[in-house]
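Worksheet for the structure shown next.
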């Protein structure tokens, strides 16, 4: 038997070998492409599911979750129980509480008395989990994908990012966990640099902010607010002018009341899924403040810092501009001129800034290699995946493709919520096994969304 070792880092590997199944190559039951929290959760839950032979690939050299936004003091927006395994199996050794035990941090966490945890700690927890797994391979980029009709499985071309060497991997089923990509508006793309950048690169370019005379943050979501808060903390020390622009009518707080957040539940996912696509799109368009607003503690921090900045009689040198859209940007000497319009007044004006940070969100990442098999996949009239209730793409072959990202249009606002990752993976594992390993409950929350079930 010939064995090729895909080394992730010391102590972890995945094997590709020949023989078995009447073929001249090994065929996995499941190959995962992308290792973010959703697929990492699936990989962890599959480790004690020997019936499913799985392997996961990611082109990054190691797990790192939004590294440019791992700002000290930022918190995860869901409770720690939304870890990689607990909501499926609280006794699983990859739980967050067991991570704390392994790191001798149980007592500090106990005295912290908080449900939410630092984002940096969540990232460290995920790194700890992937270091323990044998089915995750980093530094491996999937460059091509094919479906072998005669053999009834998929083939993946996997390239080592360091050596450039390629291997072919075979799998009966796939799971896509390719996440999302930062959205930089078209007007900014030609100027993208260490002085014009997306919030996802904030920590990478923070030193350039400290040396600037003026900084502008565009957008009013959580990432923009966190970048603005960090800049506001350092403004008095570095003495730059700080501006925050949003086209929204205000810097709105995210809706976080306990009954409202029940919409991030399996119950609401099932309710939302039943509607025709055009109605789903209309509903989704009304739900911005459930996932696009700013957490209340972040707004409180910002207001406290603004108050602190205003203590002396000197000008605070901080502007918060609402109701204003940014329509363009151009270089002006060693700075940038931003074209703005206060849309309620229909008044146009410009602002100059040495650094411009754009917090305009993310869009689903559909990798180029998916186009290799696009003829096997059903797409809607807007070019989005058509997804079945159990997170399988609608395909015209007997082998399944499960999907973790790019499904907000089909499964609603909870599609990117970490609190639903484990529930999704329970469904995927049950389907792979053809039996219910993990119970799926119809009723999980206090309120009822579907009147037909009264």
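Each value in this text was obtained by applying a stated rule to the coordinates, not by laboratory testing. These numbers come from a predicted model, not from an experiment. Neighbour counts run over all protein chains shown; Cβ positions are idealised from the backbone, glycine included.
Nearest 10 degrees, 0 to 90: what angle lies between the long axis of helix 222-238 and the longest principal axis of the chain (Cα atoms)?
40
With r defined as the distance between the Cβ atoms of residue 375 and residue 303 and R0 fixed at 60 Å, what FRET efficiency is calculated, to the nearest 0.05?
0.65
In nm, what is the difference between 0.36 nm times the number of residues separating residue 454 and residue 213 and their Cα-Cα distance?
Full-extension gain reported as 80.7 nm.
Spin-label point model (7 Å from Cα, Cβ direction): what's the residue 157 to residue 365 distance in nm?
Result: 2.0 nm between the two label points.
So what's the projected area for region 234-384, the Cα convex hull averaged over all directions, in nm²?
14.6
If r is the Cβ-Cβ distance from residue 180 to residue 128 and R0 is 30 Å, what FRET efficiency results, to the nearest 0.05?
0.80
Full-extension gain between residue 72 and residue 396, please, as 0.36 nm times their residue separation minus the C-alpha to C-alpha distance.
Extending this stretch completely gives an extra 111.9 nm.
Need the full-extension length gain, residue 283 to residue 350, defined as separation in residues times 0.36 nm minus the C-alpha distance. One decimal, nm.
20.6 nm
Can you bin region 272-332 into rounded, prolate or oblate? Criterion: square roots of the alpha carbon gyration tensor eigenvalues sorted a ≥ b ≥ c, rounded for a/c under 1.5, prolate for a/b above b/c, oblate for the rest.
Oblate is the answer for region 272-332, as a/c is 1.5 or above yet b/c matches or exceeds a/b.
How many times 2.2 N^0.38 Å is the alpha carbon radius of gyration of region 52-184?
Dividing the Cα Rg of region 52-184 by 2.2 N^0.38 Å gives 1.28.
Once R0 is set to 30 Å, what does the formula 1/(1 + (r/R0)^6) return for the Cβ-Cβ distance between residue 165 and residue 48, expressed as a FRET efficiency to the nearest 0.05?
On the way: r = 32 Å, r/R0 = 1.06.
FRET efficiency, residue 165 to residue 48: 0.40.
Given the peptides 360-370, 165-175, 415-425, arrange them by the average over their residues of other C-beta atoms within 10 Å, most packed first. If you can, show how the numbers build up before the last one.
On the way: 360-370: 16.5, 165-175: 18.2, 415-425: 22.8.
Descending mean neighbour count gives 415-425, 165-175, 360-370.
State, to one decimal in nm, how far the label point of residue 259 lies from the label point of residue 447, with both points 7 Å from Cα in the Cβ direction.
Output for this residue pair reads 0.6 nm.
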